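The values are calculated or read from the model by the stated rules, or taken from the named source; none is laboratory data. Computed from a prediction, not measured in an experiment: that's the story for all the values here. Glycine gets a Cβ as well: all are built from the backbone with ideal geometry, and neighbour counts include every protein chain shown.
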Amino acid sequence: MAHVSTAPRNSRRSNRMPEAGQAFTHRQIMTVLVGLLLGMFLASLDQTIVSSSIYTISNDLDGLSLQAWATTAYLITSTVSTPLYGKLSDIFGRRPLYVLAITIFLAGSIYAGFVNSMGELAVARGIQGLGAGGLMALGLAIIGDIVPLKDRGKYQGYFMSVFGVSSVLGPVVGGFFAGSAQLLGIDGWRWVFLVNVPIALAALVVVWIFLHLPAKHVRQRIDYFGAAAITLALVPLLIVAEQGRSWGWASGSSILCYALGVLGIVLFLVAERLAGDAALIPLRFFRIPAFGISALLNFIIGIGMFGAIAMIPLYLQLVKGLTPTQAGLMMITFTVGILIGSVSSGQTISRTGIYRIFPILGTLILALSAAVMGLTLGVDTSLLVPGGISIAFGLGLGFCMQPLTLSMQMAVPPKDMGVGTSTAAFFRSMGGTVGTAVFISLLFSSAADKIGTAMAAAQNDPAFTAALRDPAVQADPANAKLFDFLKNGAGNDSLNDTSWLHAANPTLTFPIREGFAQAIDLVMITASVLVAAAFLITFLLPKAKLTDSSLAPAAMESAAS
C-alpha cells in the first residue's frame, strides 16, 4: 500500500520507481498506468474486434461452420485463467505475471495473424485468451498495490473508460480491416490480430522499464486441484453457453456439459475448503458482506452489461438496417456514458471515500434504461432514442464497475489483492457469458413467434398484400430469399441468416423487422427485472468509506470467527 509521498515533485528521480516502502508519486503512477491501460485496451478490444470480421475470416479460411469456436476458445481461456493470474500474482508478484500475460497475448496475436485454417485460428484465439485473462485482472491489482485506497477510484476510472472505448472501437476496426482486401501486402482481416503487435510491444516496454514493485515470493502451496476443478466446471458450461442454441438446450451434448459443469463446481468447492488460505478463491472471503455482495452484483451486472452491448447493435442492424460499422459508430454514445460515469464516480470517491451510492445509482439507471428500451423501441423509432439509451447504459455501468471492484479490494487483506481483483473480473466475465447466451437464445426463440404473429397481422394490410402479389417484386433477385422465408415460415433455422433482410422489399420485410423489435423489447424487459433485483441488493453493501483502512482486517477477523 502506498503512502503520501514526501519526495520533491521536480526531483530528477521522479520517473524512477521507488524502493520498497517508499511512495509512488502521481507522475510515477501515470507512467505505469500507460502500460497497464495498453494491456487493458488489448484484452477488451479483442473481445469485440472479431465479431464484425469473423464472417469474412471464416469464408477466407473455408471454415464457416467452425467460426463459433474462434470466439469460444478465447472466452474459455480468458475466463478460466483470470482467477489463476490473481492467485499466482499474490504468490510470485504482479510484474512477472503481467509481463508473462502480455507475452502470451502477443504470441497468440502473431500466430492468429498467419493461420491457414479455422482450427488453427481457434488455437491461436485460445492462446490470446490465456494472456487476456491476466491483462484484465492484473492491471487493476497493480493499481491497488501502488495507489492509496482513497485515491484508487480516480485511477481505476481510466480503466473503465478504456474498456468502454475499446468495446465500441472493436466492431468498427474489425469491420474496416475485414472490408480491406490487402494492407501492406497482407490480407486485410489478418490485421484484426496483427494490429495488437505494436500495442503489445509498447505495453511490454513500458511495464518492463517502469514497473518495479518490491520482489515477492510467498511460500505457499499452489492450489492445483482447485485450478483443475474450476477448469472442469467452466469449460463445459462456457461451451454450452456458446453452442447451446445450435445444439439444442436439451440435447445430449448440452446435458453432458451441464453434468460436467455441476461436477466441476462441487469438486471446486471441496478443493477450496480443503486448501484453506492456499485456495484459488478462499471461500471465507464470501462471508465478508462487501466481498460476497459485490461478487454477486458483478455477476448480475455482467449479465446486463453484455446483454445491452449485444442487443443495441442487433436492434440497429436487424431493425434499423445499419451496417456493422454504422452500428459501431452509433455505440460511441455508450462510450460517452461510460466515460462520464467512471471519471465522475472515480473523482468523487477519491475526494470523499464514499462509494456505496454509485452502485445504487448505477443499477437504478441500468434498470430504467433497459425498461425504457423494452417499452419504446420499434421499427419507426428515431435513432436518437437508442442513442440516448446507450448513454444511460454507459453511465450506469461507469457508476457500477469500478466501485464494486474497489469494494472487493477493500474487503480483503493487501496480500490477497490479486484474488480480490481477479474475482471481480471473473464474476463479471461469467455474468457476461451467461447474459449473452441467455439473451441471444431468448431473442431468437421469441423472434420466431413475434414474426409469425406480425406476418399474420400483415395479411390484412392492403399495402403488404399488394406488394406480395406484385410481379415486379416477385421477379426482383433481391427478394428471392425473402420469398423463401415467407414460404417456409419463421423458425430458428430460418433466422440464422438475415443478410438479405435490408436489400429486400421494405413493405414485405416490415413485419419481420417489427417481430425482431418486439423480441428485443422482451429481452430488455427481462434484463430490466434482473438489474432491478441488483438494485435492491446494492442496499446490502456496507455503509463504509474507502478511507476506513481498518475495515479489511476487521472484516477478516469477523469472517474467521
Exercise. So, of the residues in the stretch 114-153 that are at pLDDT below 85 and outside any helix (DSSP H, G or I), which turns out to be nearest to Val235 (Cα to Cα)?
Worked result: Val147
For this session: Say whether the condition of being at pLDDT below 80 and under 23 Å from the mean Cα position of the chain (by Cα) is met by at least one residue in the stretch 178-194.
Result: yes
Problem set entry | Residues being among the aromatic types (Phe, Trp, Tyr) and either buried (at least 24 other Cβ atoms within 10 Å of the Cβ) or modelled with pLDDT under 90 (or both) - total across the stretch 101-113 | 1
Seminar exercise, completed: Exactly one of Ala463, Ala472, Ala447 is without any contact (Cβ under 8 Å) to a residue 24 or more places away in the chain, among the aliphatic types (A, V, I, L, M) and part of a helix (DSSP H, G or I), and that residue is Ala472
For this session: Can you run down the residue pairs with Cβ atoms below 6 Å, 6 or more apart or on separate chains, where the first is in the stretch 305-331 and on the phi > 0 side of the Ramachandran plot and the partner is at pLDDT 70 or above?
Result: Gly321/His502
Seminar exercise, completed: In the stretch 317-328, anything modelled with pLDDT of 85 or more and buried (at least 24 other Cβ atoms within 10 Å of the Cβ) is listed as Val319
For this session: Determine if the stretch 376-385 includes at least one residue that is in contact (Cβ under 8 Å) with a residue 40 or more places away in the chain, in a helix (DSSP H, G or I) and over 16 Å from Val165 (Cβ atoms).
Result: no
Exercise. Which of the residues belonging to the stretch 9-24 are surrounded by fewer than 21 Cβ atoms within 10 Å (Cβ to Cβ) and either modelled with pLDDT of 50 or more or out of contact with any Ser or Thr (no Cβ under 8 Å at 6 or more places or on another chain) (or both)?
Worked result: Asn10, Ser11, Arg12, Arg13, Arg16, Met17, Pro18, Glu19, Ala20, Gly21, Gln22, Ala23
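Results for (1) of a type in the set (A, V, I, L, M); (2) within 21 Å of Leu536 (Cα to Cα); (3) touching a Pro at 6+ places or on another chain (Cβ under 8 Å); (4) assigned by TED's automatic domain parsing to the domain that holds Met311, shown as yes or no for each residue.
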residue	(1), (2), (3), (4)
Val343	yes, no, no, yes
Thr352	no, no, no, yes
Leu368	yes, yes, no, yes
Leu375	yes, no, no, yes
Asp380	no, no, no, yes
Leu383	yes, no, no, yes
Pro386	no, no, no, yes
Gly394	no, yes, no, yes
For this session: Would you check if there is a residue in the stretch 329-345 being buried (at least 20 other Cβ atoms within 10 Å of the Cβ) and not in a helix (DSSP H, G or I)?
Result: yes
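Could you look through the stretch 41-100, keep only residues that are of a type in the set (D, E, K, R) and under 19 Å from Thr421 (Cα atoms), and pick out the one that is modelled with the highest pLDDT?
Kept after step one, since they are of a type in the set (D, E, K, R), are these residues of the stretch 41-100: 46, 60, 62, 87, 90, 94-95.
Next cut, under 19 Å from Thr421 (Cα atoms) only: 87, 90, 94-95.
Details: Lys87: 82, Asp90: 80, Arg94: 83, Arg95: 86.
Among those residues, the one meeting the criterion is Arg95.
Every residue, every condition in (1) modelled with pLDDT under 85; (2) exposed (fewer than 14 other Cβ atoms within 10 Å of the Cβ); (3) on the phi > 0 side of the Ramachandran plot; (4) in contact with a strand residue (DSSP E or B) (Cβ under 7 Å, 6 or more places away or on another chain), yes or no:
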| site | (1), (2), (3), (4) |
| --- | --- |
| Val205 | no, yes, no, no |
| Gly226 | yes, no, no, no |
| Val235 | yes, no, no, no |
| Ser251 | no, no, no, no |
| Gly264 | no, no, no, no |
| Gly292 | no, no, no, no |
| Ala295 | no, no, no, no |
Exercise. Which one is surrounded by the most Cβ atoms within 10 Å (Cβ to Cβ), of the residues in the stretch 401-419 that are within 18 Å of the chain's Cα centre (by Cα) and closer than 26 Å to Leu237 by Cα?
Worked result: Met401
Exercise. Taking the stretch 114-171 on its own, how many of its residues are touching a residue at least 60 places away in the same chain (Cβ under 8 Å) and more than 28 Å from Pro313 (Cα to Cα)?
Worked result: 19
Seminar exercise, completed: Those residues of the stretch 162-174 which are closer than 8 Å to Thr335 by Cβ and not β-branched (Val, Ile, Thr) amount to Gly164, Ser167
Problem set entry | Residues of the stretch 262-295 satisfying the condition of being in a helix (DSSP H, G or I) and closer than 14 Å to Ala228 by Cβ | Leu263, Gly264, Ile265, Val266, Leu267, Phe268, Leu269, Val270, Ala271, Glu272, Leu274, Ala275
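Do we have any residue at all in the stretch 491-499 that's modelled with pLDDT of 80 or more, not in a helix (DSSP H, G or I) and not charged (D, E, K, R)?
Just the residues of the stretch 491-499 that are modelled with pLDDT of 80 or more, to begin with: none.
No, the stretch 491-499 contains no residue that is modelled with pLDDT of 80 or more, not in a helix (DSSP H, G or I) and not charged (D, E, K, R).
Identify, from the list Ala370, Ala411, the residue that is touching a residue at least 12 places away in the same chain (Cβ under 8 Å) and under 22 Å from Val168 (Cβ atoms). Working first, answer last.
Working: Ala411 fails: under 22 Å from Val168 (Cβ atoms).
Answer to the check: Ala370.
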Seminar exercise, completed: Leu256 passes all but one of the listed conditions (1) surrounded by 19 or more Cβ atoms within 10 Å (Cβ to Cβ); (2) assigned to a helix (DSSP H, G or I); the exception is number (1)
Problem set entry | Flag if Gly185 is surrounded by 19 or more Cβ atoms within 10 Å (Cβ to Cβ) and among the small types (Gly, Ala, Ser) | no
